[in-house]
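Beneath this line is the structure, given in structure tokens, with notes to follow.
The values are calculated or read from the model by the stated rules, or taken from the named source; none is laboratory data. Keep in mind the model is a prediction, meaning the values are calculated, not measured. Neighbour counts run over all protein chains shown; Cβ positions are idealised from the backbone, glycine included.
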Amino acid sequence: MSRFAEAQSAPPPGAWAILRALLSHALPVLVAQLSSIGMMVVDTALLGHVSAADLAAVAIGGGVHVSIVFGLVGILQAVAPVVAHLHGAQRDREVAGVLQQGFWLALLLCIPGCLLLLWPDWLIRGAGMDELVEAKVRAYLALLAWGLPAALFYRTFYAFCNALGAPRVLMLIGVGSLGVHTLLAWGLAVSGWVPGVSGVEGCALSNIVIAWGACMLAGVYLARSTLAERFHPFAQWQGPRWRTWRELLRLGLPMGMSNLIEITAFTLVALFVASLGASVVAGHRIVANLSALTYMLPLSLGIAAMAAIGRAVGGRNLALARLTVRVSLYFSAGAALIIGGVLWWWTQALVQAYTNDPQVAEIAAALVIYIAIYQFFDALQTLAAHALRAYRVTFLPMLAQIVCFWGVGLLGGAWLCYWSPAPMGVAGFWLASVISLVILAAMLLPMLWKVMQATESTP
């Protein structure tokens, strides 16, 4: 009997063994993700002590930048389920070609991404922000365009490593990047290391340096690591191939759209509330940072689960895939309940770590309760969405996210904020986000069970 046939017929390991395997993958990913989001936290914390205008600018500009980057990155994440399926089916010779096509696709995606960052008028025009804040936002985004190619190349590498269960290098690069960024951003944004550069421009310059540094380290790792010995990622380099692109785009376009939908449902709120004043935007930014931090645990577990489920489905070990789905859902839901309690209990201490402005702190503290509540539902929908990606189902989840995040979250939030009988201000957007996550979890979980049943009934 071949190894492939043995994998199909072997009984799945126990739930605890699966959980240990998931956590051994998810924890390095979590550290890498926290390091990435930690760079945003550093920017927020530093600029919170520079001026409210700089903090508002990084809130608005950061929201635009993250929305563009992660929309494009979502397309490149299609590399992960494709590589996981190939690896699970023991077709390792085809893995390098998928990675190379991912790099070509990243190069193509740089063009629209850079154009949007250099000319963001259609995104920020009409937001009603102060002239000073708008000028800072434009300068911030124009600088970040120089780091976009490196960010997209690195995220292609990121998807490749996760699909093969090799996340530790991502952790090491992430932690190193955060350390260097903390020092460099402080020097450029606060301490005046470069004459004429300060505030948001200093943070942007530091981000550019970090992006290219991480990209070069990823290239060295691919060329000299054990992955290089096994998969030969740079050998027999292929030119662009439409057949592989078609497969990546079929999965990746809905994934990129899903990323864009989910991110904009939170980050673009800063644009929609810009007319309420810099203090409101700054308070929202602090809570958005906390929300992003807490999201990293279910996201990391979702990435690990997607790789494990994808390999199991590729190897037709469907019992293992089903058990992995259950274990990841139960663990993430339990962890979310604990995180929500911590946020509620330590609200004041967390807010005070971000700002010494009493008005900004008061606004932020009033909003923390919303992210404490929605942790449970956010964890469920995140794990369900990533499991569906492992089964190569991406279009229907995207439609559900459009309805929930844009329909309920953004439009409903705008109504609660400005036009309801008792306008809630920025809190209206956060209440709408809670409702949207409840509905989305109720849509994606049944969808996941139906997909698993259909896959198991297919010979």
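Restricting the search to the stretch 24-60, which residues are modelled with pLDDT of 85 or more and surrounded by fewer than 16 Cβ atoms within 10 Å (Cβ to Cβ)?
Ser24, the sole residue that qualifies.
Only one of these conditions is not met by His181: (1) surrounded by fewer than 18 Cβ atoms within 10 Å (Cβ to Cβ); (2) more than 30 Å from Arg389 (Cα to Cα). Which number is it?
Among (1) surrounded by fewer than 18 Cβ atoms within 10 Å (Cβ to Cβ); (2) more than 30 Å from Arg389 (Cα to Cα), the lone unmet condition for His181 is (1).
Would you check if Gly147 is over 29 Å from Gly302 (Cβ atoms) and buried (at least 23 other Cβ atoms within 10 Å of the Cβ)? Let's see the steps before the verdict.
Details: over 29 Å from Gly302 (Cβ atoms): no; buried (at least 23 other Cβ atoms within 10 Å of the Cβ): yes.
Considered against the rule, which asks whether it is over 29 Å from Gly302 (Cβ atoms) and buried (at least 23 other Cβ atoms within 10 Å of the Cβ), Gly147 comes out as no.
Just to check your reading of the model, which residue among Ala57, Ala84, Ala78 is of a type in the set (Gly, Ala, Ser) and either free of Cβ contacts under 8 Å to residues at least 12 places away in the same chain or touching a Phe, Trp or Tyr at 6+ places or on another chain (Cβ under 8 Å) (or both)? Give the steps one after another, and end with the answer.
Numbers: Ala84 fails: either free of Cβ contacts under 8 Å to residues at least 12 places away in the same chain or touching a Phe, Trp or Tyr at 6+ places or on another chain (Cβ under 8 Å) (or both); Ala78 fails: either free of Cβ contacts under 8 Å to residues at least 12 places away in the same chain or touching a Phe, Trp or Tyr at 6+ places or on another chain (Cβ under 8 Å) (or both).
Answer to the check: Ala57.
Does the stretch 119-140 include one or more residues that are surrounded by 23 or more Cβ atoms within 10 Å (Cβ to Cβ), over 18 Å from Leu271 (Cβ atoms) and not aromatic (Phe, Trp, Tyr)? First the steps, then the outcome.
First pass over the stretch 119-140, keeping only residues surrounded by 23 or more Cβ atoms within 10 Å (Cβ to Cβ): 129, 133, 136-137, 140.
From what is left, the residues that are over 18 Å from Leu271 (Cβ atoms) are none.
Scanning the stretch 119-140, I find no residue that is surrounded by 23 or more Cβ atoms within 10 Å (Cβ to Cβ), over 18 Å from Leu271 (Cβ atoms) and not aromatic (Phe, Trp, Tyr), so the answer is no.
If only one of Ile261, Ile303, Ile309, Ile339 is part of a helix (DSSP H, G or I), in contact (Cβ under 8 Å) with a residue 12 or more places away in the chain and farther than 30 Å from Ala454 by Cα, which one is it? Lay out the reasoning, then the answer.
On the way: Ile261 fails: farther than 30 Å from Ala454 by Cα; Ile303 fails: farther than 30 Å from Ala454 by Cα; Ile309 fails: farther than 30 Å from Ala454 by Cα.
Being part of a helix (DSSP H, G or I), in contact (Cβ under 8 Å) with a residue 12 or more places away in the chain and farther than 30 Å from Ala454 by Cα holds for just one of Ile261, Ile303, Ile309, Ile339, which is Ile339.
What is the residue count in the stretch 213-225 for residues that are within 21 Å of His65 (Cβ to Cβ) and buried (at least 19 other Cβ atoms within 10 Å of the Cβ)? Break it down stepwise before answering.
Initially, the stretch 213-225 is screened for residues within 21 Å of His65 (Cβ to Cβ), giving 213-215, 218.
Now narrow it down to the ones that are buried (at least 19 other Cβ atoms within 10 Å of the Cβ): 214-215, 218.
Here the count works out to 3.
Name, by its number, the condition in (1) within 21 Å of Ala84 (Cα to Cα); (2) buried (at least 16 other Cβ atoms within 10 Å of the Cβ) that does not hold for Ile210.
The single condition Ile210 does not satisfy is (1).
Name the residues in the stretch 355-364 that are in contact with a Leu (Cβ under 9 Å, 6 or more places away or on another chain) and either assigned to a helix (DSSP H, G or I) or under 29 Å from Val438 (Cα atoms) (or both), would you? Break it down into steps so the answer makes sense when it comes.
Residues of the stretch 355-364 that are in contact with a Leu (Cβ under 9 Å, 6 or more places away or on another chain), as a first pass: 355, 357, 360, 364.
Scanning the stretch 355-364 gives Val360, Ala364.
In the stretch 382-424, how many residues are part of a loop (DSSP other than H, G, I, E, B) and farther than 26 Å from Glu247 by Cα? Explain how you work it out, then say what you get.
Restricting attention to the stretch 382-424, the residues satisfying the condition of being part of a loop (DSSP other than H, G, I, E, B) are 391-394, 420-424.
Checking which are farther than 26 Å from Glu247 by Cα leaves us with 420-424.
Of the residues in the stretch 382-424, 5 are part of a loop (DSSP other than H, G, I, E, B) and farther than 26 Å from Glu247 by Cα.
Name the one entry in Ala218, Ala235, Ala211 that is in a loop (DSSP other than H, G, I, E, B) and within 27 Å of Ala96 (Cβ to Cβ).
Working: Ala218 fails: in a loop (DSSP other than H, G, I, E, B); Ala211 fails: in a loop (DSSP other than H, G, I, E, B).
Just a single option satisfies the conditions, and that option is Ala235.
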